[in-house]
Amino acid sequence: MRNAAAFVWRRLAAAAGAGLRLVRRFAMPRQWLIAYLLLIVLPAAVFLYGYYERSAKILKDEVVRTMQQTVKQAGSNLSYRLEHLEDISNAAFMNANLHTYLSVGADDQSIAVQLQVVKDLRNLVDTVQTNSDVYHVRLFVDKSKLYAAERINFFTLDSLKDRPWYVPIIAANGGIVWTGDYTEHFLDAGDARIFSLARMLRDPNRYDKISGVLMIDVKESMVSGILSALQFAPGTQVYLADPNGTIVYHPDRSRIGTSVDPAVLAVLGRGSEGIGAVKLNDEVNDVMYATLDPTGWKLVAQGTESQLSRRAVQLTQRSEWTSLLEYIALFLALPFVLMAIIVRGMNRRVKQVITVIRREGTETSLSELPPVNGDFRLLERSVDHLILRVRTLVEEKYKAQLLEREAQLQALQAQINPHFLYNTLDTINWIAIGKGATDISQMIDSLAKYFRLSLSKGRSIVSVEDEFRLAQVYLEIQRSRFPDTFDFELDIRPGLEACAMPKLILQPIVENALLHGIRKAKGRRGVIAIAAREERGDLVLTVADNGIGMDEGLAARLLTEAPSEAKDDGAGGSSYGLFNVNERVKLYAGDAYGLSIASELGAGTTVLVRLKAERPPHDSKQGDSG
């Protein structure tokens, strides 16, 4: 067993070495190797282990069944021999001369008659002893008989009374009683291990009188020869037990006369033959038994599971290990070779694709490679599509760079125009001051500030403070145009001045409030209120006027319809850039932000702008919650 295990381990080590060489030969990626180990080797090992365990159990069960058949066959052979001995006993018992001879008493006949009886009995005994299975025949008779002291084949009945089986013999009333294995001393042969079958003989003239006991002895070797020929696992106990559980034969003679374990006795009591398992000394024992019909004894074979398992391995060791190696080759070596071949082909194809890409870049197509089918075809089509996409993106990037260069030139050109405009307005302002036209000077100065704030040096994101200043300059210019028609109020909560926002958000709203709210409200002085506050982390800007107002339907359309699509409903209002402002706020801050309008005809309009409150990193001031 140990040599076979060593041989298998050497074979496995050699297979592992060959596997490693295959890995190096085919250059299998580590991920594939890990996947192979996890998906094939590990499940195969679990399967092989389960297969081995199941095979061992099946083999062990088969060994047990085989042993049971062997026990049954041995029981049949032994029963046949014992039945033959009982037939011999029956033949002697039915001999009428035997009973007549035994009824002759010392006082009834002469010495000559008794000597003739002895001669005839001797002939009967010699006839019975001619059978090969019969070792010795003994007659136990009344001590008054002349031949009772012969002590070779004839004995006194009193010499039997101290034997343990005397009472069962008398109680059997002529029936056969078998003794267990015991040692007997014979004058002509010395000590011998024997079994005996005995029966009581009655005087035919006086039936209530016991005339003797006939005992036929059988050598122990007849039983041991049959049982020792059984090929069981080493350590398996084979013995005979009577119906009460007393061992009548055992290779270990010290066990003869002892009782079997109660658990074993319970198994033996289940039927005439069978198999059972009992736990003795913390180890499971399998018990196989068959009944010997003439005696009622049980022929028992008892062995532990480990002994029977070793026997199963010994019986099928070579074929089992051969099958195990075949399964290892089937589940491990063959999938590994197939996977290695597949991976090698995949690596070769991938290297071809990479080589083409590296050599030709984006100016080539993978259609130049030899055609393939399956997943690689789909992969190459995807890569080819990717190459075309990259080529398109490169072209688009090149065009974008050209457009960016043009935009930079246009921006540089545009920077000239504001400077020219500022200088021209400054010149006009000084001329107006020189002429004493202070109102014209103020208008020109406000207009210059408006342009500076609206242009914001090309920046698209400005502070709340700059946006409020732009709205203030715009309203001052408009108040110069329309004197005594409206007033305005600015309110920025402390800490919000530095918050960032897109530029030109308030000016279109203020313009809409002035031209289409205040200006159309005849006979009253208008008020425009601009405020900034913070609500739960949001920047909220409001532009409120007390103009003519609008209905809810128009207010909803101003934020959902493009300027070209907005219709005047006759109430004196239109979108006037509110749609564009709302879209710009959503693009800047997200769909959760934007404009909302609350208006009532004849009462005025309030436009609310909600943005993220974003302060510059160095600004630590916090605004009040609105």
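The values are calculated or read from the model by the stated rules, or taken from the named source; none is laboratory data. All values reported here derive from a predicted model rather than from experimental measurement. With ideal geometry, Cβ positions are generated from the backbone for all residues, glycine too; neighbour counts draw on all protein chains shown.
The set of residues in the stretch 147-178 that are of a type in the set (S, T, N, Q), in contact with a Lys or Arg (Cβ under 8 Å, 6 or more places away or on another chain) and in a loop (DSSP other than H, G, I, E, B) contains only 153.
With 303, 296, 269 as the choices, which residue is modelled with pLDDT under 85 and not aliphatic (A, V, I, L, M)?
Values: 296 fails: modelled with pLDDT under 85; 269 fails: modelled with pLDDT under 85.
Result of the check over 303, 296, 269: 303.
Can you pull out the residues in the stretch 123-141 that are of a type outside the set (Gly, Ala, Ser) and out of contact with any strand residue (DSSP E or B) (no Cβ under 7 Å at 6 or more places or on another chain)?
First pass over the stretch 123-141, keeping only residues of a type outside the set (Gly, Ala, Ser): 123-131, 133-141.
The answer is 123, 124, 126, 127, 130, 131.
The set of residues in the stretch 374-415 that are modelled with pLDDT under 75 and among the aromatic types (Phe, Trp, Tyr) contains only 376.
Residue count for the stretch 179-223, restricted to those that are assigned to a strand (DSSP E or B), free of Cβ contacts under 8 Å to residues at least 12 places away in the same chain and more than 17 Å from residue 248 (Cβ to Cβ): 3. When each of 196, 254, 211 is tested for being in the same structural domain as residue 148 (by TED's automatic domain parsing), of a type outside the set (Phe, Trp, Tyr) and under 22 Å from residue 81 (Cα atoms), the lone residue that passes is 196. Within the stretch 281-292, residues that are in the same structural domain as residue 67 (by TED's automatic domain parsing) reach partners that are of a type in the set (Lys, Arg) and assigned to a strand (DSSP E or B) with beta carbons closer than 8 Å, at six or more positions or on different chains, in the pairs 285/279; 289/298; 290/298; 291/298; 292/298. The set of residues from the stretch 501-523 being of a type in the set (Gly, Ala, Ser) and crowded, with 17+ Cβ neighbours inside 10 Å comprises 513, 517, 521.
Does residue 131 satisfy being at pLDDT below 75, over 60 Å from the mean Cα position of the chain (by Cα) and not aromatic (Phe, Trp, Tyr)? Considered against the rule, which asks whether it is at pLDDT below 75, over 60 Å from the mean Cα position of the chain (by Cα) and not aromatic (Phe, Trp, Tyr), residue 131 comes out as no. The residue that is modelled with the highest pLDDT, counting only those in the stretch 135-146 that are part of a loop (DSSP other than H, G, I, E, B) and crowded, with 21+ Cβ neighbours inside 10 Å, is 135.
With respect to the stated conditions, residue 101 is among the aromatic types (Phe, Trp, Tyr), surrounded by 12 or more Cβ atoms within 10 Å (Cβ to Cβ), modelled with pLDDT under 75 and closer than 26 Å to residue 139 by Cβ.
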